[in-house]
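S.K.: The structure that follows is given in the form of structure tokens.
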């Protein structure tokens, strides 16, 4: 197989590897999609919790208004000496006093639950952002690996002749440096040359003194 054929096959292999379910980047993309779907679902529950809290607050306001009205009516019934109205107003007062307490406690509990849900929802969003950062890191690493593979295939064909299958290429990728160790060779070499150029004038006087 000549050089052009190897490059052509290597490019074709890229697409096969990317489509493989064993590819880490493909798995991460799937995880991100699933996490975003779950986050959107939980957002609906969060919005419903807000709506329920608002409904409870509306019921509390209504109960408080009726309670105040019955308390005022009770005083009027006592002043008028209307015993049946007194009994009715007292019963209503007790019912709405209990209802106000129940609604107040429910709102307190719902508020705490809502805060907890909001915090978890924010954590989910942060988790997705972290996964997307990792996605970019993997994309950069994978791109660097593939670039090196194609460059080596042309520059050092004798070392690449064993890479002739998709499995071989995957093995080649897995055995390269880790992402934290990858260095741009052009940048590092250029930096070293610049450093030598910068240090050279300083070293000349030292050499003369040594002679």
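S.K.: Quick one: in region 79-89, of everything that is in a helix (DSSP H, G or I) and out of contact with any helix residue (DSSP H, G or I) (no Cβ under 6 Å at 6 or more places or on another chain), which residue is farthest from residue 112 (Cα to Cα)?
M.R.: Restricting to residues being in a helix (DSSP H, G or I) and out of contact with any helix residue (DSSP H, G or I) (no Cβ under 6 Å at 6 or more places or on another chain), the top hit is 80.
S.K.: Still on this structure: How many residues does region 84-109 hold that are surrounded by 13 or more Cβ atoms within 10 Å (Cβ to Cβ) and either over 40 Å from the mean Cα position of the chain (by Cα) or modelled with pLDDT under 95 (or both)? Outline the logic, then answer.
M.R.: Going residue by residue through region 84-109, those that are surrounded by 13 or more Cβ atoms within 10 Å (Cβ to Cβ) are 85-86, 88-90, 92-93, 95-97, 99-100, 102-104, 106-107.
After this cut, where a residue has to be either over 40 Å from the mean Cα position of the chain (by Cα) or modelled with pLDDT under 95 (or both) as well, the list is 85-86, 88-90, 92-93, 95-97, 99-100.
Qualifying residue count for the region: 12.
S.K.: Cβ-Cβ below 8 Å, separation at least six or inter-chain, first residue in region 89-101 and over 17 Å from residue 72 (Cα atoms), second part of a helix (DSSP H, G or I): which pairs?
M.R.: From region 89-101, the pairs are 99/63; 99/67.
The values are calculated or read from the model by the stated rules, or taken from the named source; none is laboratory data. Source: prediction; values computed, not measured. Note: ideal-geometry Cβ built from the backbone for every residue, glycine included; neighbour counts use all protein chains shown.
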